[in-house]
1. Given a Förster distance of 35 Å, report the FRET efficiency between A:Leu41 and A:Leu115 from their Cβ-Cβ distance, rounded to the nearest 0.05.
2. Roughly what angle does helix A:176-185 make with the longest principal axis of chain A, taking Cα atoms, 0 to 90 degrees, to the nearest 10?
3. Distance between the C-alpha centers of region A:67-108 and region B:161-239? Whole Å please.
4. Per residue of chain A, what 222 nm ellipticity follows from adding -39500 (n - 2.57) for every DSSP H run with n ≥ 4, rounded to the nearest 500?
5. Rounded if a/c is under 1.5, else prolate if a/b beats b/c, else oblate: with a ≥ b ≥ c from the C-alpha gyration tensor eigenvalues square-rooted, which is region B:74-117?
6. What angle, in degrees between 0 and 90 and rounded to the nearest 10, separates the Cα long axis of helix A:189-218 from the longest principal axis of the Cα atoms of chain A?
7. Distance between Cα centroids, region B:137-156 to region A:178-215: provide it in whole Å.
8. How big is region B:144-207 by Rg and Dmax over its Cα atoms, in Å?
Amino acid sequence: MIHSALSVTVALSFLTATILSVLSLPLAGWIVFSRSSWTTLGESILTLTLVLPPAVLGYLLLVVFSPDSLPGSLMARLLGHPLPFSFAGLLLASLIYSLPFSVQPVAQSFRQIPLRTIEMARILGARPFTVFRKIVVPMSLPGLATGWVLGFAHTVGEFGVVMMVGGNIPGETRTLSLKAYDDLLSMKAHGARDSVLILLLFSSVSLVALNLLRRKGVDPHAPDAP
Amino acid sequence: MRPMPLEVDLVLPRLGATPSGRRVVFTLSRDSGILGLCGPSGSGKTTLLRVMAGLCPKASGVVRVDGVPWLDSNLGTDLPLEGRSVAYLPQGVSLFPHMNVRENLVFASRLAGSARVVKRPPSTGRLAGFRSFWRARGLPGWAQEVVELFGVSRLLEKRSGELSGGQVTRIALARCFLRSARLYLLDEPFAGVDPEGRASLGRILAGLLARRQAMALLVTHTPDELCSLAGGMVRLLPEEDGDGSPGVPVSPGRMSETEARGLLARSGGWE
């Protein structure tokens with residue numbers, strides 16, 4: 001039983017973190033480097049889920065994902081099954097829920113690149129996209145890694161959203177945190193303890209990784225920086 | 001009549017410590033060579049270079065190279081950096097920290113190489129992919145020459161943290177000269193180099209400019225060392241002197257070939 005919950009959690013978190021890392025590049029690039037005044041609004045929307053109660057977000061997503069709504073029915077036709085209470089729906093919800101955790105570290109890294117460095121590349125004749133690809137992204141690798149770890153850890157621990165959107169189906173949408181809750185309610189103390197221990201392990205490993213990355217990120221000019 | 005190689009008549013915008021509304025006028029009548037630019041801190045040297053490079057959008061006045069207006073606020077012309085045949089070496093420049101010296105130079109040479117028109121033999125398929133892979137590792141021949149000229153070929157595998165200030169200066173100069181341009185704007189290009197090194201770098205620079213038929217505007221705090229190199233000198237005065245009075249147009253004096261004068265800028269004064 002714990003294996004299926006563990007594999008659902010790991011698969012969900014891994015996919016969420018990886019997809020978000022890819023998405024964070026254009027999103028953070030737009031927030032940091034665009035001169036458009038829409039970026040303030042965009043950034044607010046991106047960080048909305050930081051302050052929104054997970055239950056509220058879960059409810060809203062259920063409404064949007066429902067086959068009765070237009071986006072929900074389109075997605076249902078595309079996938080062949082309705083989004084709520086499926087792994088795909090869970091993944092989409094996690095992507096939205098963990099978005100700020102992956103984008104913010106990347107945006108922070110982008111902001112720390114000296115403008116002189118970017119201007120120097122422009123002076124040497126690089127077009128904006130080349131500057132992004134060859135200068136901005138390679139100099140932000142610690143930030144990207146931090147974003148991945150945060151996205152992963154945050155998805156591992158999410159509870160309210162997966163409860164509302166996923167529906168707690170064993171082997172499909174039941175994650176470790178849901179299993180711990182279920183086991184506790186049904187007085188299976190051992191099962192709950194095992195789930196909690198694994199969650200604790202994930203959190204500790206993530207913290208160690210984040211601290212290592214932070215130490216690396218402090219001095220990007222260190223001679224042995226990768 | 002042939003157009004003047006370089007004509008500048010600018011009112012400097014406010015940027016950092018530079019006072020606004022200063023007028024700078026000078027011309028360079030020789031086809032190639034170095035024009036020195038000196039003046040105390042805050043007199044607008046860097047601003048002038050940035051305006052000429054096309055990096056400063058609020059400039060007004062005229063910059064004409066070979067008769068082509070790069071900037072003409074009367075006509076509304078203001079070519080972007082890409083539209084000007086210019087190479088700019090900013091003051092206190094650093095290398096890209098995530099690349100070693102070779103990668104820094106390859107990055108610049110590829111950007112410069114894509115701009116020049118090179119006839120390549122038609123190559124196809126896997127061979128082309130293999131070639132482009134090797135080109136990414138190594139510098140093309142023409143770039144190798146520039147690198148050797150500035151004496152940095154021994155440093156190619158070093159990271160930017162392992163270099164001395166003088167070495168960074170040489171590499172940055174080499175990287176700047178990978179770009180072939182009509183006008184080179186060099187902001188204190190010899191910083192951190194010992195006197196003998198400065199003299200030899202100066203000779204290298206002069207030779208390269210003569211071969212490329214290119215002009216350079218070179219900012220220096222020690223005009224003496226430019227005696228033998230520069231064809232003339234533009235001197236920006238500190239703010240107090242530039243109180244808006246018409247200024248004294250100074251005769252070019254010994255500058256027989258080069259005319260460098262400013263309405264608020266005094267010229268000459270080396271030797």
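1. 0.90
2. Between the helix axis and the principal axis of chain A, the angle is about 30 degrees.
3. Cα centroid to Cα centroid, the span is 57 Å.
4. -24000 deg cm²/dmol
5. In terms of gyration-tensor shape, oblate.
6. That helix lies at roughly 0 degrees to the long axis.
7. 55
8. 11.4, 33
Just so you know, all these numbers are worked out from the coordinates, no wet-lab data involved. Only a predicted model underlies this, so the values are computations on that prediction, with no experimental measurement involved. When we count neighbours, we look across all protein chains shown, and the Cβ atoms used for this are built from the backbone with ideal geometry, even at glycine.
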